[in-house]
Each structure stands twice: as structure tokens, then as C-alpha cells.
1. Within the stretch 4-14, does at least one residue satisfy the condition of being buried (at least 16 other Cβ atoms within 10 Å of the Cβ), modelled with pLDDT of 95 or more and either of a type in the set (Ser, Thr, Tyr) or under 23 Å from the mean Cα position of the chain (by Cα) (or both)?
2. Of all residues in the stretch 26-70, how many are within 15 Å of residue 13 (Cβ to Cβ), in contact (Cβ under 8 Å) with a residue 60 or more places away in the chain and crowded, with 18+ Cβ neighbours inside 10 Å?
3. Pull up the stretch 75-103, narrow it to residues that are of a type in the set (S, T, N, Q) and over 15 Å from the mean Cα position of the chain (by Cα), then point me to the one that is nearest to residue 185 (Cα to Cα).
4. When the stretch 282-298 is examined, which residues are found to be open to solvent by 100 Å² or more (accessible area, probe 1.4 Å), at negative phi and either among the acidic types (Asp, Glu) or not in a helix (DSSP H, G or I) (or both)?
5. Condition first: within 24 Å of residue 193 (Cβ to Cβ) and either open to solvent by 100 Å² or more (accessible area, probe 1.4 Å) or assigned to a loop (DSSP other than H, G, I, E, B) (or both). Now tell me which residues in the stretch 299-313 satisfy that.
6. Among 98, 83, which is touching a residue at least 40 places away in the same chain (Cβ under 8 Å), under 20 Å from residue 153 (Cβ atoms), surrounded by 21 or more Cβ atoms within 10 Å (Cβ to Cβ) and of a type in the set (Asp, Glu)?
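The values are calculated or read from the model by the stated rules, or taken from the named source; none is laboratory data. Only a predicted model underlies this, so the values are computations on that prediction, with no experimental measurement involved. Here the Cβ is made from the backbone with ideal geometry for all residues, glycine too, and neighbour counts use every protein chain on show. The area values use the complete protein model at the heavy-atom level, side chains included, leaving out ligands, DNA and RNA. Shrake-Rupley method; radii C 1.70, N 1.55, O 1.52, S 1.80 Å.
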Amino acid sequence: MAQVYTMGSPMKLVECVPNFSEGRRLEVIAEIRAAIQRVPGVYVLDQHSDAIHNRTVVTFAGGAAAVGEAAFRGAARASELIDLTQHHGEHPRMGATDVVPFIPLGETTMAECVALAQQVGRRIGQELQIPVYLYYEAATRPERRWLPNIRRGEFELIKEEIQRLEERRPDFGPARLGPAGATAIGARPVLIAFNVNLASGDLALARSIARAVRQSSGGLPGVQAQGMATADPAVVQVSMNLLDYRATSLHELFGRVQELAALQGIEVVTSEVVGLLPTEALTMAAAQQLRAVHLGPTEVLEQRLLGALLERA
């Protein structure tokens, strides 16, 4: 099952954040995570599971060779354990392994992550017989750059259209969907998954705020958003992906959602980050909130200490 990838050195790292369509069966999640962790040189950094979304996000990093192998093994185990015909949740989905992004860290280039996405995508298509669509920087068609375009209609509609519509044909793998569905694999910069929960049971309100803040509807740059229900019937959620935290900061995004909710007499209950985010994103938000003139990653004690340790290594 192992395959050799040609990239990788101590300072050439890759982050991978696959999303699996399971957030309820803890034993299934544990099996998938174990398959990833068994690859030498891979470091699992975070796991976020949500029963309402019925989705799990695993974050791991390492050299490209190890990360590529771990992504394949995680997808293989998920295909054995998750049946999309039996899957229901708030989050849109099209596959057992729904999306696999590779993110360059350190000295790794985006081009290297594109090559890795192509290698892993081809392997999943050939060996697991799962349709694979390349997205974002790895996209082979302009319309496939954006994940919502690929996932349109989710598993059920893709299963119907993949065999008869040319635009639905995958980049790798068969033009048919089995129980494991299809997978999107790509290369992209760091993305921040950020949710804001509102003190309201009105799902239409959450969806209207999502429309107002997302870029595709004329909202904030680099923002994708949708309204969702939560486990609490008195709380709805604006679920967002921040594609460029330098174009729109966390502070700006939170403030806009809060402002739009307040116009309807609704308060923000909580917010949450799904997965991990860069120190710079936090210091930018803190600097705006505190009106701090000089506040960035270099002013963070742990970041300065880490830099010193790396210089000695």
C-alpha cells in the first residue's frame, strides 16, 4: 500500500486537513485517526468532531512523503467504514473522505502541494476506485477551483449526474459513485474555519447573515459562509471559512456577523475555531481590538522562544 513521494526535508513541511463524513460514531473516527497516526513521520495536531454536522476534521503535518501516505491511508479506512447512503448531517458532503487539502508550510511551495494533490488523487482514484476532483490551486478547470461548485447537490445529485454530464466527470477514478462517494483533493493556503453561534432558533436568519458576509454574494473578501442548525434548538450558527485572513481579519468577520445579528435584535452566544489557525491571525485580531500599534507574532513569547530553539537546532 505504501508509495514513495519525492518531496520532503526537515524544513519542507506539509499540513493536511482532511474532512471525514462522520462525527457521531467515535469508534469509526478512532479507526480513521489511527490509520493516519500509524504512518512514521506524521504528527496529528488536532481533531474536531461535530455530531450535528456529522463531520470530523483531522489536522496533521510532516514531510510530504509521510503526509501523502497518511492522507491515502485515512481515505482508505474511511471508505471501508462510512456509507454515504446512510449518512445525514447539517454539513454538505459528497464523500466518506469529503475533502483533502494540502497546505505548504516552511519552505514548501504551493507547486509542490499541487503535485502532491495530483499524486494522492491519482492513487485514490486508481486503488480505491473513488472519483476524485482536484480543487483550488490544483484545479484542472476554472469552475473547480471552488469547492462548493464541485459539491453542488451533494452525494445524491452527483451520483445521478456523474455518468451523464461531462462537467461532472472526475479528474481521477471511475465516473460512478459507490457508498464512499467522491473526494475533492487540492492545494491551498491556510484556511480558518470559524463559526459564530446566535441566540436564535431562526435558521433563515443565520442563512441571511451568511449571504451578507460571504464574498460570492458581495460580502467580505475571502469569506465563504452558510447558515446551519446546532444541537440547541434555540441557537443557530453562521458557519464560515476564512480563505484569506489578511484580506478580512477574524476581528472584522466576527464584528460584521455581530452587527448584522444586532440589527435583528439577536445576540452572539459564542464563536469557535474548527481546527488550527496561525498565530498571525490571532495577533491581528488582538491588535485591532486593543488598537495596539506594534503587536504581531514576534511579540508572542512562545513564538520568540520557538524561533530561538529552531536557530540552535
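1. Scanning the stretch 4-14 turns up at least one residue that is buried (at least 16 other Cβ atoms within 10 Å of the Cβ), modelled with pLDDT of 95 or more and either of a type in the set (Ser, Thr, Tyr) or under 23 Å from the mean Cα position of the chain (by Cα) (or both).
2. Adding up the residues that qualify gives 4.
3. Going through the qualifying residues, I end up with 79.
4. Within the stretch 282-298, 293, 294 meet the criteria.
5. Those that are within 24 Å of residue 193 (Cβ to Cβ) and either open to solvent by 100 Å² or more (accessible area, probe 1.4 Å) or assigned to a loop (DSSP other than H, G, I, E, B) (or both): 300, 302.
6. 98
Results for (1) more than 15 Å from residue 19 (Cβ to Cβ); (2) touching a residue at least 24 places away in the same chain (Cβ under 8 Å); (3) open to solvent by less than 10 Å² (accessible area, probe 1.4 Å); (4) assigned to a helix (DSSP H, G or I), shown as yes or no for each residue.
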residue	(1), (2), (3), (4)
74	no, yes, yes, yes
121	yes, yes, yes, yes
139	yes, yes, no, no
149	yes, no, no, yes
157	yes, no, no, yes
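This table checks each residue for (1) β-branched (Val, Ile, Thr); (2) touching a strand residue (DSSP E or B) at 6+ places or on another chain (Cβ under 6 Å); (3) under 24 Å from residue 48 (Cβ atoms).
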{"site": "172", "(1), (2), (3)": "no, yes, no"}
{"site": "181", "(1), (2), (3)": "no, yes, yes"}
{"site": "186", "(1), (2), (3)": "no, yes, yes"}
{"site": "205", "(1), (2), (3)": "no, no, no"}
